[in-house]
Each structure stands twice: as C-alpha cells, then as structure tokens.
Amino acid sequence: MNKNFIMTVYNIWNVKELRKKIIITLGLLLVYRFGAYIPLPGINPLGISNFIEKFNSGSKGLMQILSSFTGGAFNRASVLALGIMPYISASIIIQLMCIIIPYLQRLQKDGESGRKQINFITRWLTIGICLIQAPVYLVSLTQQFIPFSSSRIAYLINLNTFHGKSMFWIIGIMILTSGTLFTMWLGDKITDKGIGNGISLIIMSGIIARFPDAISKEIISKLEIGNGGLIILFLEFLLWLLVILFSIIIIQAVRKIPVQYVSHYKSLGLDSIHNKKHQYIPLKMTAAGVMPIIFSQAIMLFPLTFSDYVKNTNIKSFFHLFQDIYGLWYNLTISLLVIIFTFFYTAIAIPVNQMANDLKRSGGHIPRIKPGKETAEYIDRILSTITLPGAFLLSVIAILPSIVFRLGFTQNFSLFYGGTSLLIVVGVILDILQQVNIYLLNYHYDELMMMKYRSSRYTR
C-alpha cells in the first residue's frame, strides 16, 4: 500500500500539466489564507483578541459555523471577513429565480452564452448582497463585539468623532465588498488554471484551517485527569473515521436505471440493423449534495442576525431558542429544514420531464416502460424513493455535531463530526481525486500509445 501511494505521488509529480495545476492551486489558496489574517483598516490586531473571545463565547457555536466558511477571517475582522458567502447566497437566489422568471429560464437553455449571462447577473447580485452584509457586519463589530468603550485597545482610530466613524464605515464597506470580489476572482482562477472547483476549494481551505486547533484542544481535553485518557481519545477518532466513511457512502450512493439505445445504420445493402446498446441513468441518493444543509443553516442564521435589534422581550427570547446549535429546538428545526430542502433542491437539480424527452429524442428507452410521460413518472418515482432515505441521512449528519458534543466532545472538534463542514471536505476531496485519476489515466494512455508507435516503427 505504501509503495502504491509513493508511486501515485511520483506519477502525479511526473505529469507536467498536473504538477503545474497543483502548484497554482496551492499558491492561490495560500494567498487567500494570507488575506484572512489582514485586519480591516483602523483595527488593531493586538486588541482583536477581545473580539474573538466575545465571538466564541456569545453565539453558542452558531456563528462559528459561519466563521468556518471563511477560515476564521470573519472573527478576526479581516479584509476577507465576508468570504465567499455573499456569492453563494447570490447563486442560490439566482437558481431559485430561474424557476420563476421566464427570462432566466431562456438563458439557461441558451448554452454557454446563457451561462455567461447568468454568471454576470450573479456577480452583480453578489455586490448588492455585500453592500447589505458589510454594514451589518460593521454594526456588529462596533456595537456588539468590540464596543466603543474599548476603542483604545481594539481600534487605531477614534470612532467617537464623526470623521473617524464615517471614514471607518466607508472604507470598511468598500474593502469588505472588494474582499469578496477578490475571493471570487481567486476561485475563478483556481477553476481555470488549477485543479478542482475553486469556490469549493476556498471553502474547504477555510474549514481545514480550523482543524489543527480543534484536534489539539480535543487531545489536551481528553488527556486531562478524569476525562478518559488515550482510550476515549482512540474511540473518538475511530468514531470520526466511521462517520467519514458513512459520509462517503452517502455521497457516492447511486441508483442505476437501465436504458437501451437503438442505433440505425445502413450496411451491406440492408435498410437498417438494430444494434441495442445497454446503458444506465445514474441517480444519486443525495443529488442535492450539501445544498440542503447550507440552505437550512442560512435560515437558522436569520434570528442571530436580527435578534439584537429586536426590542420585544418575547420575540427576543424566541430567537434565542434557535441560537444554541446544541439545543433541542435548533436541531429539530434544522432536521426538518434539511429534509424539506433535500426534496426541493432535488426537484430543481434533476428535471425528470426534460430527461424523459431527451431520452426519447435520442432513441433510448427504459425496459418495459413507455417513452415520454410514463418514463418521466417512473424516474420521478425512483427518485422520490431514493431521496427519502437520503434526506433523513443528511438530517442525521446535520445534527451529529450536537450529538457528539453531548457525549463529551469539545465544541470545536464536534463541528467536524458532521454538518456542512464534513460534507464539503469529503465531497471536494473525492472530486479532486477523481480529476487526478483522469489526468493519470490520460498520461498512462499517452505513454502506452507512444510505446506502441515506437514499437511499430522498430518492426518496420
């Protein structure tokens, strides 16, 4: 196994194009991670520790989920504090609008030109979302996390004056918006010049950046007297590996629907010969991927955003019920939301009527099922059957962090036991491995063809 691993690494490094893509990807990710530590103008890096302590202790873990998407830039008051989340929010909104607005539906059917136009609209919507989220972030920064009374410690400018406060706000909004656009640019460059999906890799890098700290705190906690020691620590890591294996199985689980294609061709004076080619339609059990959990957590962040601005005590208390990610109400609500959004997003991602029509036009059919309407109903029935267990399994993964936290895991390490963090990391790694294998397969194929060509010349 070690020999195979070393040979794989050698082959990866030996493929010039693949080696170049990996170096570019790592370099751009390094730039992003460096930007996550650059504070906003006017922020004192030495005094930001007060903000981090307030951030970590006041939100009961809910805002840590948001921070994990930015690799901690959110709770460092960094220039990349908003990260890629405004772009993800804009993409989700555009996807939903494509169902309602006929103009966007036409753009989806226009191929590459329509896709470019949709991306252009998404980017402008991202700027609009940044112009809303940036002031909200600065309000939270100045009034909740680092109040004016501690400005001598946390700020390099005097926010008590009109000039200092206005300059901080104007520059802060511009830089936070520019930081998101810069992150989008890095993601596009990774997608074009590197390997893998750039946006997904940026999110994954932010999540993994918090992993060493979570691991070290978990080890220190368990090695303390009375916390179980090495045996409990070993069992925790064994359970974590089983959860990862469980997530991989869920992501890669596929239901294959057999399809027969009939090709017509003229040969040897015959009018037509029917050559049946057996293929299949792969339907994933979790076709929605991680999007249902992202949708659900975005909705659960709504009470956190506006709870401090609500004056009514009853409404404020009601919002606080959903801010504890380890509480009953939060986990019950997010489980139901994940199940609902799994069915909703699967219906968007897999248009069964279009699949049935495309299958009919290409001369294919499902055995014992009539083409057209019956095929669409059959695919929809199969899809609903496999989506139901997939939705429940996703809901289990979504609430796993709260379950293991109740079992005695530390707060930081428990977030890696499920939810969006684990699914994104597993999904991105599987996607990268698939692309690397494609490059290696093409490389070996080219080598084989070159050897065959040389041997043919030698025999001549």
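Any read-out appearing in this document is the output of simple, stated calculations on the displayed coordinates, not a laboratory observation. Since the model is a prediction, treat every value here as computed from it, not as a measurement. As a convention, Cβ positions derive from the backbone with ideal geometry for all residues, glycine included, and neighbour counts pool all protein chains shown.
One quarter of the surface of the convex hull around the alpha-carbon atoms of region 338-401 equals 4.7 nm², the direction-averaged projected area.
Structure note, pairs 116/360; 21/284; 109/193; 256/360: Cα-Cα distances above 21 angstrom occur for 116/360; 21/284; 109/193. Kirkwood analysis of the Cα pair distances in region 74-147 returns a hydrodynamic radius of 13.8 Å. Amide hydrogen proximity for residue 73: with H placed 1.01 Å from N in the peptide plane, no residue at 5 or more positions away or on another chain lies under 5 Å. Under 5 Å between amide hydrogens, built in the peptide plane, is the criterion, and for residue 259 it picks out 279, 280, 281 among residues at least 5 positions away or on other chains. Amide H to amide H, with H built 1.01 Å from N, residue 43 comes under 5 Å of 156, counting only residues 5 or more places away or on other chains.
Here the calculated FRET efficiency for residue 215 and residue 119, from their Cβ-Cβ distance with R0 = 60 Å, stands at 0.95, rounded to the nearest 0.05.
In sequence order, region 112-128 has phi-based couplings of 5, 5, x, 5, 5, 5, 5, 5, 4, 5, 4, 5, 5, 5, 4, 4, x Hz under the Karplus curve 6.51 cos²θ - 1.76 cosθ + 1.60, θ = phi - 60°, and Gly or Pro positions carry x.
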